[in-house]
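Each remark here refers to the structure printed beneath this line.
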Amino acid sequence: MQRRAFMQCLAWGGTALVWAARGGVLSASALGEADAAAADFTFAQISDTHVGFSGEANRDALGTLRDSIDGINALDQRPAFLLHTGDLSHAQKAGAFDTLAESLKAVKTERIFYVPGEHDVALDGGKDYLARYGAGTYEGRGYQSFDYGGVHFVGLVNVLSYTPGVGGALGDEQLAWVRRDLAAQPSSTPIVVFSHVPLWAVYPAWGWTTADGEQVIGMLRRFGSVTALNGHIHQVLQKVEGTITFHSARSTAFPQPAPGAAPNPGPMKVEATQLRRLLGVREVRYTEGTGPLAIVERPLG
Amino acid sequence: MTRTALTAALSVALACADTAHAATPRVEIQQFAFSPARLEVPVGTTVVWTNRDDESHTVTALDRRYTSSGLEHGESYAHRFNAPGTYTYFCALHPHMTATVVVK
């Protein structure tokens, strides 16, 4: 058997979600239940900050973003980096990217990696987003890969395809890049792939799918440990398929209904006392040789 | 002129104005759909869209020659159609939402 690397995920009780994996299988746990043993490294995932949102579902989305950041900063182990899985802004409202950048300066971490959501690119085809966040990505296109602590991370863009009849998709050029990128990795390397829209078909009727996501999933099957992280649907949802585990993260701004639980997706109004339980971030803990990535969901309340 | 007669004259004048320019056609965005999905207007007409959903939507030309910003609940967007043709538009955030304006 090839050397297996394992990740541990830890979720915390804010609006961010903490991820840990063991033996290639991700599991979520409530705050306090997570393995307290020090991981080789941890990272945090934040998603769907929707800066500029001011609807009834949350009149203070900047406040819940601040609380989420406080949650990340309160983690026992400082995350090596932060992944933002898209919808940084709410429909590219004026000043939203600047406001987010200012807010995220408070996060105690070395670096933040981003992938865009459709709200970040729908109005101008991604021009502003890529000017701000394209540096360091493949040819400035927004997708990228990097290695950290023996784990290979791949950030994908599946929101530049939003035209009638398509919705979320990666496109042939990006698929070719992913194929080349993964070809260089031995099957024993733990893989974390992150995108905004889920790569798997969570609920196609609401656009909660990536049209050509199955092609990437096919490329990932040979790996012993794959963790796929996404946002977009504003709720925690998990699926295990062989060695691949899929995890959808909460938003820091507003919740959405469960698939099919309402006539349409969109901001869901809930009791004020419930809201903070439905927002949050995620911590992911990785410990080589101990088991699957450990994912810890951290709701705000 | 009596008050009644004045009111009647004004009503006629307004009715004539309506006939000449047509009332501003309105499209409602509701339940993730444009209503009406097909609108016929004369050249030079300004169409107004209003978002009635809690979710944001846009009014975006298929060729992206024009687009609204993200419309929140109750917000409107207006666009004037200056040339005849069939114009398909969609919501850039929910691209399964499509509709057409036919300009004659």
The convex hull of the Cα atoms of region A:244-301, divided by residue count, gives a volume in Å³ per residue of 97
Rounded FRET efficiency, nearest 0.05, which uses the C-beta distance separating A:Ala94 from B:Arg65 and R0 of 25 Å
0.70
Check the straight Cα-Cα distances from A:Lys127 and name the aspartates and glutamates below 17 Å, setting aside those fewer than 8 residues away within the same chain.
A:Asp87, A:Asp98, A:Glu118, A:Glu139, B:Asp63
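So how much slack lies between A:Asp172 and A:Ala74, counting 0.36 nm per residue of separation and subtracting their Cα-Cα distance, in nm?
Values: separation 98, 0.36 × 98 = 35.28 nm, distance 4.13 nm.
The A:Asp172-A:Ala74 span can extend by a further 31.2 nm.
Just tell me how shielded B:60-69 is by partners: mean number of partner chain Cβ atoms within 10 Å of each residue's Cβ, no decimals.
Details: counts 4, 0, 2, 0, 4, 0, 0, 3, 2, 5.
Partner-chain Cβ atoms within 10 Å, mean over residues of B:60-69: 2.
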Using a 10 Å cut-off on Cβ to Cβ distances, tally the other chain neighbours for every residue of B:88-100 and report the average as a whole number.
5
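With a cut-off of 8 Å between alpha carbons and a minimum separation of six or more residues, what is the relative contact order of region B:23-103 in percent?
Working: 188 pairs, mean separation 27.3, N = 81.
Relative contact order for region B:23-103 comes out at 34 percent.
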For peptide A:224-232, how many partner chain Cβ atoms fall within 10 Å of a residue's Cβ, on average?
0
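Using a 10 Å cut-off around each Cβ, can you sort A:Lys93, A:Lys239 from fewest to most neighbouring Cβ atoms?
Numbers: A:Lys93 20, A:Lys239 13.
If I rank by nearby Cβ atoms, fewest first, I get A:Lys239, A:Lys93.
Using alpha-carbon pairs under 8 Å, 6+ residues apart, how would you state the relative contact order of region A:37-94 in percent? Kindly include the intermediate steps, with their values, before the conclusion.
Working: 71 pairs, mean separation 33.7, N = 58.
Dividing the mean separation by the residue count of region A:37-94 yields 58 percent.
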Measure out, as a whole number of angstrom, how far apart the alpha-carbon centroids of region A:224-260 and region A:146-211 sit.
14
Over chain A, relative contact order from alpha-carbon pairs under 8 Å, at least 6 apart, %
34
Considering only DSSP beta bridges where both residues belong to region B:15-104, give the percentage that are antiparallel (nearest 5).
70
Treat the count of other C-beta atoms within 10 Å as a stand-in for reagent exposure and order B:Ser56, A:Ser103, B:Ser35, A:Ser47 from fewest to most.
B:Ser35, A:Ser103, B:Ser56, A:Ser47
Between beta-carbons, use under 11 Å as the cut-off and find the net charge around A:His247, counting Lys and Arg +1, Asp and Glu -1.
+2
Evaluate the Debye formula for region B:23-103 with equal point scatterers sitting on the alpha carbons, no solvent, and hand back log10 of I(q)/I(0) at q = 0.12, 0.22, 0.24, 0.27 Å⁻¹, in q order, two decimals.
-0.28, -0.98, -1.17, -1.49
Please label the shape of chain A as rounded, prolate or oblate, based on the square roots a ≥ b ≥ c of the eigenvalues of the alpha-carbon gyration tensor (a/c under 1.5 means rounded; beyond that, a/b larger than b/c means prolate, else oblate).
rounded
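Give me B:Tyr66, A:Tyr138, A:Tyr129, A:Tyr286 ranked fewest to most by other Cβ atoms within 10 Å of their Cβ, as a rough exposure proxy.
Details: B:Tyr66 14, A:Tyr138 18, A:Tyr129 26, A:Tyr286 31.
By the 10 Å Cβ count, ascending: B:Tyr66, A:Tyr138, A:Tyr129, A:Tyr286.
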Cα to Cα, under 21 Å, and not fewer than 8 places away if on the same chain: which lysines meet these conditions relative to A:Lys105?
A:Lys93
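Computed from the coordinates by the stated procedures, all read-outs in this text should not be read as laboratory data. Because the structure is a prediction, the values reported are computed rather than measured. Cβ atoms come from the backbone with ideal geometry, glycine included; neighbour counts cover every protein chain shown.
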